[in-house]
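Heads up: the structure comes next, in structure tokens.
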Amino acid sequence: MSILLSGVTLPDGSRADLGIRDGVFVAPGDLTGATVIDGDGLRALPGLVDLHTHLREPGFEQSETVLTGSRAAAAGGFTAVHAMANTSPVQDTAGVVEQVASLGEQHGYVTVRPVGAVTIGLAGERLSEIGAMARSRAAVRVFSDDGKCVHDALLMRRALEYVKTFDGVVAQHAQEPRLTEGAQMNESALASELGLVGWPAVAEEAIIARDVLLAQGAGARLHVCHVSTAGSVDVVRWAKARGIAVTAEVTPHHLLLTEDEASGYDARFKVNPPLRRREDVEALRAALADGTIDIVATDHAPHPVESKEAAWAEASFGMVGLESALSIVQHTMVDTGLLDWAGVARVLSTAPAAIGRVTGYDAPLAVGAPAHVTLVDPAATRTFGVEHLRGRSVNSPYLGRELPGRVVATVHRGVPTVLDGELRDPDAVAAEGEAARG
Ligand SMILES: [Zn+2]
């Protein structure tokens with residue numbers, strides 16, 4: 001199959017034709033009989049890569065499956081996702097991570113890179129089979145107990161030392177457990193007023209401070225999940241200035257929403273870590289713009305309707321985010337002048353691919369490189385609704401909001417997964433993906 005993306009605007013603002021054949025970019029002049037996609041007014045980005053996705057399979061298929069989550073990802077412009085380990089069974093053995101990776105491969109919408117659990121069963125007591133997962137066919141490079149914090153300093157230190165041997169990374173969910181017992185929202189005057197247990201900023205910041213020192217001692221790579229406070233930004237900035245190998249992510253929702261959303265007790269806004277103050281949002285945007293925070297990651301966390309329509313204190317933490325991430329980044333970073341499209345390509349594609357050691361993203365959109373590309377119409381606007389959610393769950397905080405930008409096409413390894421803004425048929429995507437792999 002060959003495709004010509006005609007007259008697209010590249011991240012740097014120049015215009016070009018992009019040719020795709022047999023899964024890789026080729027010189028447009030080498031194509032014959034290609035399907036032509038008119039790129040007038042469309043921005044071409046390297047296929048987006050999410051370092052933090054919950055696909056829920058195995059074990060929680062009523063919320064999401066590898067297939068439905070892959071479709072949500074493709075609809076949002078993603079070509080690769082990292083599937084977090086808090087499944088059932090937990091992704092703490094070579095067998096489970098290989099199963100998740102091969103489901104992703106069969107469906108073909110995106111590359112699914114499983115994240116391995118740091119500790120067995122996410123119990124925080126003994127290290128999991130980290131080496132076996134790294135050597136498995138899934139070749140795991142990112143390890144995380146996400147949803148839980150690796151709070152035992154000795155285990156964290158050993159995990160860092162272990163992953164260093166194969167160039168892996170520990171992605172920490174920074175939440176000091178004792179400081180956040182029963183916590184429901186950001187610790188503030190508003191929390192007291194609402195009668196909800198507060199979640200102090202220091203519960204996040206103290207773990208990050210400890211972990212950057214442990215990473216320095218081990219000479220290992222640390223990644224900090226979903227940074228949410230101005231104080232966390234300060235710690236990461238300090239660590240980077242000292243040459244510590246730390247990277248950090250921010251979620252789209254922490255770039256836009258504040259704790260004020262809790263005042264209506266609408267549990268769609270209940271998330272871990274919690275939404276913070278306006279000053280934190282401003283600090284996170286500035287840190288993403290200046291590179292202190294390396295990437296945007298969705299923390300896509302699907303939940304069934306009943307677990308979000310409960311009273312605030314009983315409701316689950318989390319929001320879906322794959323289908324809206326690019327729009328929120330455009331709204332908060334591009335339309336505000338903080339980041340250009342080359343910056344978007346970096347924070348949503350090449351930098352997360354580099355942290356996760358995902359191959360095929362180091363020469364984005366270049367002839368000979370794997371053809372992962374996302375075409376976005378930045379001038380489009382849409383009132384975000386359930387019809388834009390293509391996974392199994394609808395717990396989005398953006399329903400009813402006017403959002404800029406629309407993904408027009410997504411191409412994964414030369415196979416279109418989204419065309420004319422619509423997801424393609426699963427059988428066609430799976431068959432074309434298999435043919436492209438040979
Ligand atoms: Zn988390």
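Using the structure shown, decide if Ala159 is over 21 Å from the mean Cα position of the chain (by Cα), surrounded by 24 or more Cβ atoms within 10 Å (Cβ to Cβ) and touching a residue at least 12 places away in the same chain (Cβ under 8 Å). The answer is yes for Ala159.
Residue count for the stretch 216-234 under the criterion of being within 16 Å of the ligand (Cβ to nearest atom) and in contact (Cβ under 8 Å) with a residue 60 or more places away in the chain: the result is 5. Of the residues in the stretch 35-52, at least one is within 16 Å of the ligand (Cβ to nearest atom), modelled with pLDDT of 95 or more, crowded, with 22+ Cβ neighbours inside 10 Å and not charged (D, E, K, R). The set of residues in the stretch 23-34 being assigned to a loop (DSSP other than H, G, I, E, B) and either buried (at least 18 other Cβ atoms within 10 Å of the Cβ) or modelled with pLDDT under 95 (or both) consists of Gly23, Leu31, Thr32, Gly33, Ala34.
The number of residues in the stretch 357-380 that are among the β-branched types (Val, Ile, Thr), in a strand (DSSP E or B) and surrounded by fewer than 19 Cβ atoms within 10 Å (Cβ to Cβ) comes to 0. Close contacts from the stretch 301-316, counting a first residue that is closer than 19 Å to Gly391 by Cβ and a second that is hydroxyl-bearing (Ser, Thr, Tyr) and part of a helix (DSSP H, G or I), with Cβ to Cβ under 9 Å and a gap of 6+ residues or different chains, come to Pro302/Thr68; Ala315/Ser307; Ser316/Ser307. Return the only residue of Ala139, Ala134, Ala80, Ala73 being assigned to a loop (DSSP other than H, G, I, E, B), more than 16 Å from the ligand (Cβ to nearest atom) and either surrounded by fewer than 24 Cβ atoms within 10 Å (Cβ to Cβ) or of a type outside the set (Lys, Arg) (or both). Result of the check over Ala139, Ala134, Ala80, Ala73: Ala139. Scanning the stretch 235-290 for residues being part of a loop (DSSP other than H, G, I, E, B) and more than 16 Å from the ligand (Cβ to nearest atom) gives a total of 9.
Looking only at residues in the stretch 235-262 that are of a type in the set (Asp, Glu) and farther than 17 Å from Gln172 by Cβ, the one that is surrounded by the fewest Cβ atoms within 10 Å (Cβ to Cβ) is Asp260. Within the set Ser316, Ser307, the sole residue that is assigned to a helix (DSSP H, G or I) and at negative phi turns out to be Ser307.
Just a yes or no: is a residue in the stretch 246-259 of a type in the set (Val, Ile, Thr) and touching a residue at least 60 places away in the same chain (Cβ under 8 Å)? Yes, the conditions are met somewhere in the stretch 246-259. Among the residues of the stretch 211-221, are any in a strand (DSSP E or B) and under 19 Å from the mean Cα position of the chain (by Cα)? Yes, the stretch 211-221 has at least one match.
Among the residues of the stretch 57-97, those identified as polar (S, T, N, Q) and in contact with a helix residue (DSSP H, G or I) (Cβ under 9 Å, 6 or more places away or on another chain) are Ser63, Thr65, Ser70, Thr79, Asn86, Thr87, Gln91, Thr93. Taking the stretch 4-33 as the range and being over 16 Å from Ala409 (Cα atoms) and small (Gly, Ala, Ser) as the test, the residues that pass are Gly13, Ser14, Ala16, Ala27, Gly29, Gly33.
The values are calculated or read from the model by the stated rules, or taken from the named source; none is laboratory data. These numbers come from a predicted model, not from an experiment. Positions of Cβ are backbone-derived with ideal geometry, glycine not excepted, and every protein chain shown enters the neighbour counts.
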